[in-house]
Amino acid sequence: MSDENSGRHEAGADPGVRTATRVRLRDRPRATALTVRAVLHDLRAVDGALYAAVAATPTPALDVGLRRLSHAADHSKISFAVAAGLALLPGRPRRAAAAGVGAIAIASATANLLGKRLVRRPRPDREAARVVVGRHVPMPESASFPSGHTASAVAFATAVGVVLPPAVVPLGLLASAVGYSRVHTGVHYPGDVAAGAVLGLAGGAASVAVGASLSRAFRRPS
């Protein structure tokens, strides 16, 4: 039964019942807000536990490689290098490079200019979590949420993969490794990386859509 029907049904009821009903209706937004806060609190607890588990797991054979990968992904250097190589080839590879660079621009702007400024999540306490020093990369001064490295890498992989399907698997694996490396080196929580991946998918799709729209516009007869 809807609230409106409930109100009509209880219109002739005892005044105390009507008052209690109004109080319950008025309290619903507050109860919803409390539920949302409780869910977010639990998600943050899980996020912190995953971060601590990664920090506490000894992986000496991976530490150096993931640290170097994380550093190499600064400012999307890896993606731009791949784009430069693709741009040397005419046709679809060159279009894929353009779509990938556009996706990086969209995802990076969304993550750094919008996401980080809105959420302002502090970076993890790497020392308290006892992240092995051999994993360390410089701790960024920007907010933690979302991961800009992940957003850009996933955006590039998505856009290039749509235009050039054979590149989907290698670039997808590379983007996944970049995202994990940010947790492994202690500069991001897993939730930051997950959010960055979502932004990256959206940025890649947006870049492909814009490219297709521009291509259709140029093909139209004047």
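The values are calculated or read from the model by the stated rules, or taken from the named source; none is laboratory data. These numbers come from a predicted model, not from an experiment. Note: ideal-geometry Cβ built from the backbone for every residue, glycine included; neighbour counts use all protein chains shown. Areas reflect the complete protein model, heavy atoms only, side chains present, ligands, DNA and RNA absent. Shrake-Rupley method; radii C 1.70, N 1.55, O 1.52, S 1.80 Å.
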For this session: Compare the Cα positions of Ala45, Pro138, Ile106 along the charge dipole of the chain (+1 at Cβ of Lys, Arg; -1 at Cβ of Asp, Glu; about the Cα centre) and return the one farthest towards the positive end.
Result: Ile106
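Could you tell me what percent of the accessible area of segment 123-184 is made up of carbon and sulfur, with a 1.4 Å probe and every protein chain present?
Values: 1790 of 2610 Å².
For segment 123-184, the apolar C and S fraction of the accessible surface comes to 69 percent.
Once you wrap a convex hull around the alpha carbon atoms of segment 65-129, what is its projected area averaged over all directions, in nm²? Can you show the working numbers first?
Values: hull surface 23.6 nm².
Taking a quarter of the hull surface, the average projection is 5.9 nm².
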Exercise. What nm value, rounded to one decimal, do you get for the distance between Val198 and Val39 when each label is placed 7 Å out toward the C-beta?
Worked result: 1.1 nm
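Roughly how compact is segment 20-97, stated as its Cα Rg over 2.2 N^0.38 Å to two decimals? All intermediate terms of the calculation are to be shown ahead of the outcome.
Details: Rg = 24.3 Å, N = 78, 2.2 N^0.38 = 11.5 Å.
Against the compact-globule rule of thumb, the ratio is 2.11.
Could you compute Rg(Cα) / (2.2 N^0.38 Å) for the chain, with N its residue count?
Details: Rg = 23.9 Å, N = 222, 2.2 N^0.38 = 17.1 Å.
This ratio for the chain stands at 1.40.
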For this session: Rounded to whole Å and sorted largest first, list the principal axis extents of the Cα atoms in segment 93-222.
Result: 63, 31, 19
Exercise. Longest exposed-loop-site-free stretch of the chain, with trypsin sites (Lys or Arg not before Pro), DSSP loop and at most 14 other Cβ within 10 Å?
Worked result: 1-119
For this session: Provide the per residue accessible area, probe 1.4 Å, for segment 94-222, rounded to a whole number of square angstrom.
Result: 49 Å²
Problem set entry | Between 0 and 90°, nearest 10: helix 148-163 axis offset from the chain longest Cα axis | 70 degrees
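For every helix of n ≥ 4 consecutive DSSP H residues, a contribution of -39,500 (n - 2.57) applies; sum these over the chain, divide by its total residues, and give [θ] at 222 nm rounded to the nearest 500 deg cm²/dmol. The partial results should precede the final answer.
Numbers: 9 runs with 158 residues, N = 222.
Mean residue ellipticity, 222 nm, calculated: -24000 deg cm²/dmol.
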Exercise. Mind checking the angle between helix 168-184 and the chain's longest principal axis? C-alpha axes, 0 to 90 degrees, to the nearest 10.
Worked result: 70 degrees
For this session: Any chance you could give the angle, 0 to 90 degrees and rounded to 10, that helix 15-56 forms with the longest Cα principal axis of the chain?
Result: 30 degrees
For this session: Express in nm, to one decimal, how much length is gained between Val168 and Asp74 on full extension, taking 0.36 nm for each residue of separation and deducting their alpha carbon distance.
Result: 31.7 nm
Exercise. Given a 1.4 Å probe and every protein chain left where it sits, what share in percent of the accessible area of segment 30-115 is carbon and sulfur?
Worked result: 72 percent
Seminar exercise, completed: So, with points 7 Å from each Cα along the Cβ direction, the Thr59-Thr32 label distance in nm works out to 4.0 nm
